[in-house]
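Single-structure report; data block below.
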Amino acid sequence: MWDQIYNLLGIPALSTIAAAVLVVTLLVLIASGKVKAHLAAIIALIVANIITIAIFTMPAHMSIRASLLGVVVGFFPIGCIVLRPTSIRSRRWC
């Protein structure tokens, strides 16, 4: 079992900056206009995994599983919206 420590680096500001790097990465890539949003999200996901494994010492398999869970949870509402017209005809709902 992995116990999450919120102030891992000893100084709250450094721990907050380490956690904010992925959000800043995503926003800078999107704001630059050189990277499409879906590619920026994939890059931010990779950066998030690197940060959680290297800085916050989360085991790699747990970090990857958490990322996959986030992808599934993020795509489920989108799938319901896209599949809604077919579910109306068949009387099944998401």
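None of the figures in this text is laboratory data; all of them are computed from the coordinates on show. Bear in mind the structure is a predicted one, so any value in this text is a computation, not a measurement. Neighbour counts run over all protein chains shown; Cβ positions are idealised from the backbone, glycine included.
Odds and ends about this structure:
- Residue that is farthest from Tyr6 (Cα to Cα) [pool: residues in the range 46-66 that are touching a helix residue (DSSP H, G or I) at 6+ places or on another chain (Cβ under 7 Å) and in contact (Cβ under 8 Å) with a residue 24 or more places away in the chain]: Val47
- In the range 12-50, the residues that are loosely packed, with under 12 Cβ neighbours inside 10 Å and over 16 Å from the mean Cα position of the chain (by Cα): Pro12, Ala13, Ala31, Ser32, Gly33, Lys34, Lys36
- Candidates Ala13, Ala66, Ala40, Ala18: the one that is among the small types (Gly, Ala, Ser) and touching a Phe, Trp or Tyr at 6+ places or on another chain (Cβ under 9 Å) is Ala18.
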